[in-house]
Amino acid sequence: MAKKLYVGNLSYSTTQEQLQTLFSQVGKVAEVTLITDRETGRSKGFGFVEMETEEQAQEAIKRFNGHNFENRALTVNEARPREERSGGFGGGQRRDSRPDSRRSRF
């Protein structure tokens, strides 16, 4: 079963192809995802690499956590499952503090 790894402290210029090449040294890479800013498209300096097996993932952690890549010490560990997000701000019923006679209330 595939195992997803978090890869942090990446250079902003790191590409998916570079990560694919690096992690393929320890096994088959199923997927590489770099996280980018929605507005600028610039890398946020971290991403995820999915290895085909648990064993390959553990080997990648041992080999690449702290590894110097593009003059930066990588952080590599098991990716944590994404937590369920709540509605956050503005997700509930709209409240308006100012009285407005033009607005009908339900």
Loop-resident sites, segment 7-71, for GluC sites (Glu not before Pro), counting at most 15 other Cβ within 10 Å (DSSP)
Glu39, Glu52, Glu70
All aspartates and glutamates inside 17 Å of Lys44 as judged from Cα atoms, apart from same-chain residues fewer than 8 positions distant:
Glu17, Glu70
Name the lysines eligible as straight-distance cross-link partners of Lys4: C-alpha to C-alpha under 17 Å, and not fewer than 8 places from it in the same chain.
Lys28, Lys62
Gyration tensor (alpha-carbon) shape descriptor, segment 1-91, a/c threshold 1.5
oblate
Tell me the trypsin sites (Lys or Arg not before Pro) within segment 2-51 that lie in a loop according to DSSP and have at most 13 other beta-carbon atoms within 10 Å.
Lys28, Arg38, Arg42
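Readers should treat all values here as calculations from the given coordinates under stated rules, not as data from a laboratory. Note that the structure is predicted; figures quoted are calculated from it, not measured. Every residue, glycine among them, receives a Cβ derived from its backbone with ideal geometry; neighbour counts consider all protein chains shown.
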